[in-house]
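*Asks:* My questions all concern the structure below.
The values are calculated or read from the model by the stated rules, or taken from the named source; none is laboratory data. For clarity, every value in this text was computed on a predicted model and none was experimentally measured. Here the Cβ is made from the backbone with ideal geometry for all residues, glycine too, and neighbour counts use every protein chain on show.
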Amino acid sequence: MQTLSQRRAKEALKLILDIGSKTKNDQKQRDDFKQLSKSVPTMIFKNGLGQAIAFLKAKGEDKHNTIYNVMNSWLVELGLIKKDLLKELNDMDSHQYHTIQREALHFLEWIKRYANAEIFE
């Protein structure tokens, strides 16, 4: 049986490898994703999970959608949300909100580590 941290790492690695296959000849796209993977946790710390998630959805670019979708899928897999984080966020109590925010930050840390290591291939 894998620990939660191992499961996070495995999902994050899958994402990075998928991005690598989609951006084989585009270092700029990889660098942009790498930069975004660094900035999203900071956005969450400064503004809260709700504001950061709303920002990702509002931008609507591939890299923003990718991070939103993979984070959303991860939280669904853990049973922390039912379907869509942005829609469910406003109906949560503060304990659930903070639990989800912590989990999102732990998961994003793995994404950031792998993106910084440039394990795209």
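*Asks:* Picking from ILE81, ILE44, ILE53, which residue would you name as being in contact (Cβ under 8 Å) with a residue 60 or more places away in the chain, of a type in the set (A, V, I, L, M), more than 16 Å from LEU15 (Cα to Cα) and touching a Leu at 6+ places or on another chain (Cβ under 8 Å)?
*Replies:* Of ILE81, ILE44, ILE53, the one residue that is in contact (Cβ under 8 Å) with a residue 60 or more places away in the chain, of a type in the set (A, V, I, L, M), more than 16 Å from LEU15 (Cα to Cα) and touching a Leu at 6+ places or on another chain (Cβ under 8 Å) is ILE44.
*Asks:* Go through (1) within 12 Å of the chain's Cα centre (by Cα); (2) acidic (Asp, Glu); (3) farther than 22 Å from ILE100 by Cβ and name the single condition ASP26 misses.
*Replies:* It is condition (1) that ASP26 fails.
*Asks:* Ok, one more. Could you tell me whether any residue of segment 52-66 is of a type in the set (Lys, Arg) and at pLDDT below 90?
*Replies:* no
*Asks:* Looking at (1) farther than 18 Å from LEU4 by Cβ; (2) without any contact (Cβ under 8 Å) to a residue 24 or more places away in the chain; (3) charged (D, E, K, R), which is the only condition ARG102 fails?
*Replies:* Looking at each condition in turn, ARG102 falls short on (1).
*Asks:* When you check ILE111 against the structure, is it buried (at least 18 other Cβ atoms within 10 Å of the Cβ) and assigned to a loop (DSSP other than H, G, I, E, B), yes or no?
*Replies:* No, not satisfied.
*Asks:* One residue is enough: does segment 33-51 have a residue meeting the conditions at pLDDT below 95 and of a type in the set (Val, Ile, Thr)?
*Replies:* Within segment 33-51, none of the residues are at pLDDT below 95 and of a type in the set (Val, Ile, Thr).
*Asks:* If you don't mind, there's one more thing I want to ask. Evaluate the following for LEU86: is it outside any loop (DSSP other than H, G, I, E, B), at pLDDT below 95 and either more than 26 Å from GLN2 (Cβ to Cβ) or touching an Asp or Glu at 6+ places or on another chain (Cβ under 7 Å) (or both)?
*Replies:* Taking the combined requirement at face value, the residue satisfies it.
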